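Worksheet: one structure, shown below.
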Amino acid sequence: MGDTPDSHLARPAPEPIPDPGLEPHEPRPTDVDEKAEKRAERQVASLFGLSMVFAVLFCVCYFALKVGNHPTTWLGMGASNVALGVCFGLALLCIGIGAIQWARKLMGDQEIVEYRHTAASSEEDRVEAVSSLMKGVAESGIARRPLIRNSLLGATAMLGLPAIVLLRDLGPLPGNDLSTTVWKKGIRVVQDVDGAPIKPEDMVVGQLVNGEPALFFENDAEGEPLYEGVRLQQAKAKAAVIIVRMQPDDITPLPDRKNWGVEGILCYSKICTHVGCPISLWEQQTHHLLCPCHQSTFDLANNGKVVFGPAARPLPQLPITVDSEGYLIASEGFQEPVGPSFWERG
Amino acid sequence: MRLLTRRISGGLSAKRRSRFAAPVVLLLGLLITGGAYAALAPANANTKTDDATTIAKGRALFLVGCASCHGKNAEGILTVRGKNYGPALAGVGAAAVDFQVGTGRMPMAQPGVQALQKPPAYNADEIEALAAYVASLGTGPSIPSADQYSGKVSNQELVEGGEFFRTNCTACHNFAAAGGALPGGKFAPSLVGVSAKHIYEAMLTGPQQMPVFSNGVLTPQDKKEIISYLKSSETEPNYGGFALGSIGPVSEGMFAWLGVGVLVGFAVWIAAHTSRSKKKKEA
């Protein structure tokens, strides 16, 4: 091996520590003692047997323990889930431990040495591989027949077209939906869940109300709900608001937002401008609204400004006023898209 | 006798510079003062008294236990930076006092971002007197009566209570009412095991960072439904097994990674130990 092309390089220094070689093999108790061997055999078999027991127990628990409206309980937990999980887990574990015990105590454990092969194939194999490849190229005539080659390439490329067309089934394009909500002038702001309208005098300083537009609780002329099903969920996902009341002196509205509130009552979108989580963790003393997903924090006394976290835009504010009956209504719709940023919004 | 006296005083005198001397003297002083106070302090009146007497008693208690932060007339004290040291109490109402003192949050053990729940420092009569005094300063929500926060509700009301809870409460208090974190070391406490009255009062008065849910919007009936839902979910079994505190990925992730660690350790242990024998196999 001394005549390799690299022989002009300095020879590597000899190993500073001599190869100690393998220690002499020492037998295990199970190799020399027949009793120990029998004992290990019984242990392995018992573990496999135990696994069978747990598998059967699993089936017994499946039928014996009640699920549904009145489940069997142990220590305040659903017995069926706990028992099924524990039985199946132990059944697997016993097979695993048994197999390991088998390998450790009984299977051969002579230390062996296996040297690595060189990575490359032999020179003859490589020459043969290349020559058969070239033969194939010549026989197919792919270089000589550009018509076939190019039409094959075209056919393969065109297979991508159906895949792209199928993307259409992901649904209609959103159009203007991302930029608009159902809020517009005159819609009452009502409490979520029961749809109760809100009078300013019913709210005290420090109060938070989770609100929705009254449309979601109204029926059309035929007595059917105006919004229901998927349409309701889609509209609700953008229209949810929170209404808070603060000391009017604490609020510092922008010049064009001076009449957006009623006696310290302000209304903001409930959808975080980061990735759209619903937020209503409002600290009434600091006026901060915290998003539980990524800790974006908005100052509701200061026009929804971002004071912490990854959100890039202030929380959109809904201008509100009171109607002739004294209930809170939107005086306009949202002035900007609610929720997270999106491509077309820039 | 003289010898004995001299020996004691001599011994004490010799030990007066010991590093234990000061703490021992302090401890003795405290024990004597405390013992004397317990023995000589006027017994608490157990009989119900009229309003004026209750308010007067409440004011006396207030001046001792609360005035250092809230001011002698509960007008509040500001810090030099203009923040609340102790807020003004006119108009907070009896319900706020009953909640804050009844759950041990007030008096605070030390200033901090949040008053912590602890065993109440006052008994029921004293809390009533304090509440009467604070209520006399200005109108505010009064302590709810038992029929407002407890009693049977229909299944439909229970379901609506759950909807109110998920809409208004879970953002801070977690879907299983296990509590959650807020900025700056504050947190929303767990609602499990909190008495129905205190939950009602907390919604009504908005203690600390919690927003108010006034009766004008979230009606007493709504509040009762929420409380009934909470109480009924406390008795529900954990159908899925160990809930791990119901705080979601934090405890679940920790449990999973610890489990993986234990399994890795077990695998290493298996591979590391194999007993060997000096005996040779008999041919």
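Every number here is computed from the coordinates shown, using simple stated rules; none is lab data. All of these numbers come straight from a predicted model, not from anything done at the bench. Here Cβ is always computed from backbone atoms with ideal geometry, including for glycine, and neighbour counts include all displayed protein chains.
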query: Given the C-alpha centroids of the range A:252-292 and the range B:126-156, what is the distance between them in whole angstrom?
result: 30
- request: Please give the FRET efficiency for A:T180 paired with B:Y85, using the beta carbon to beta carbon distance and R0 = 51 Å, rounded to the nearest 0.05.
  value: 0.60
field: Reachable lysines from B:K152, criterion Cα separation under 17 angstrom, eight or more residues apart if same chain
entry: B:K197, B:K223, B:K224, B:K231
- prompt: Just how many % of Cα pairs in the range A:242-329 lie over 16 Å apart, if you round to the nearest whole percent?
  reply: 48
task: Normalise the Debye intensity by I(0) for the range A:177-345, one equal point scatterer per Cα, no solvent, then take log10 at q = 0.09, 0.17, 0.19 Å⁻¹ and round to two decimals.
output: -0.28, -1.02, -1.27
message: Taking 8 Å as the Cα distance limit and 6 or more residues as the minimum spacing, I'd like the relative contact order of chain B as a percentage.
response: 14
task: Please report, in Å, the Rg and the Dmax of the range A:204-271, where both are computed over Cα atoms only.
output: 15.4, 47
statement: The answer for GluC sites (Glu not before Pro) in the range A:261-346 that fall in a DSSP coil and have at most 10 neighbouring Cβ atoms within 10 Å is A:E325
message: Considering all projection directions equally, how large on average is the shadow of the alpha-carbon convex hull of the range A:1-99, in square nanometres?
response: 16.1
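What number, in percent, do you get for the relative contact order of chain A if the mean sequence gap of Cα pairs under 8 Å and at least 6 apart is divided by its residue count?
12
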- line: Quick note, chain B: a/c under 1.5 would make it rounded; otherwise a/b > b/c is prolate and the rest oblate (a ≥ b ≥ c, C-alpha gyration tensor); here it is oblate
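Give the range of the longest stretch in chain B that excludes all GluC sites (Glu not before Pro) found in loop regions by DSSP and having at most 16 other beta-carbon atoms within 10 Å.
Working: sites that count: B:E75, B:E282.
Maximal segment without exposed cleavage sites: B:76-281.
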- request: Could you work out the Rg to Rh ratio of the protein assembly as shown, with Rh taken as the Kirkwood radius (inverse of the mean 1/r over all Cα pairs)?
  value: 1.15
task: Filter the trypsin sites (Lys or Arg not before Pro) in the range A:201-258 to those in DSSP coil with at most 16 other Cβ atoms within 10 Å of their Cβ, and list the result.
output: A:K258
Integer Hz, Karplus 6.51/-1.76/1.60 couplings in order for the range A:203-209, x for Gly and Pro: 9, 9, 4, x, 7, 10, 10
query: Quick one: what Rg and Dmax do you get for the range B:110-256 from the alpha carbons, in Å?
result: 16.8, 55
statement: Expected sort for A:C59, A:C293 with the fewest Cβ neighbours (10 Å cutoff) up front is A:C59, A:C293
Chain A: calculated mean residue ellipticity at 222 nm from DSSP helix runs of at least 4, using -39500 (n - 2.57): -10500 deg cm²/dmol
- prompt: Quick one: B:M106, A:M52, fewest Cβ neighbours within 10 Å first, how do they rank?
  reply: A:M52, B:M106
task: Over 18 Å, how big is the tail of the calculated P(r) for the range A:51-139, in percent of all Cα pairs?
output: 70
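Taking every pair of Cα atoms in the range B:75-191, average 1/r, invert it to obtain the Kirkwood radius, and report Rg/Rh to two decimals.
Rounded to two decimals, Rg over Rh is 1.02.
Which of the trypsin sites (Lys or Arg not before Pro) found in the range B:145-227 are loop residues per DSSP with 10 or fewer other Cβ atoms within 10 Å of their Cβ?
Those satisfying the criteria are B:K152.
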- line: In a Gaussian network model of chain A with springs linking alpha carbons closer than 10 Å, the residue among A:I164, A:I329, A:I112 that fluctuates most is A:I112
task: Assuming a ≥ b ≥ c are the square roots of the Cα gyration tensor eigenvalues, decide whether the range A:98-206 counts as rounded (a/c under 1.5), prolate (otherwise, with a/b larger than b/c) or oblate.
output: oblate
- request: Return the FRET efficiency for the residue pair A:V113, A:A138: r is the Cβ-Cβ distance, R0 is 45 Å, and the value is rounded to the nearest 0.05.
  value: 0.45
query: Given q = 0.13, 0.22 Å⁻¹, what are the Debye log10 I(q)/I(0) values for the range B:47-143, with equal point scatterers placed on the Cα positions and solvent ignored?
result: -0.41, -1.17
- prompt: Where does chain A land on the Kirkwood hydrodynamic radius, alpha-carbon pairs, in angstrom?
  reply: 29.8
- request: May I ask you to sort A:L153, A:L232 by Cβ crowding, counting other Cβ atoms within 10 Å and putting the fewest first?
  value: A:L153, A:L232
- request: Under 28 Å Cα to Cα from A:K35, which lysines show up? Leave out anything in the same chain fewer than 8 places away.
  value: A:K105, B:K278, B:K279, B:K280, B:K281
field: the range B:47-143 - percent relative contact order, Cα under 8 Å, separation 6 or more
entry: 35
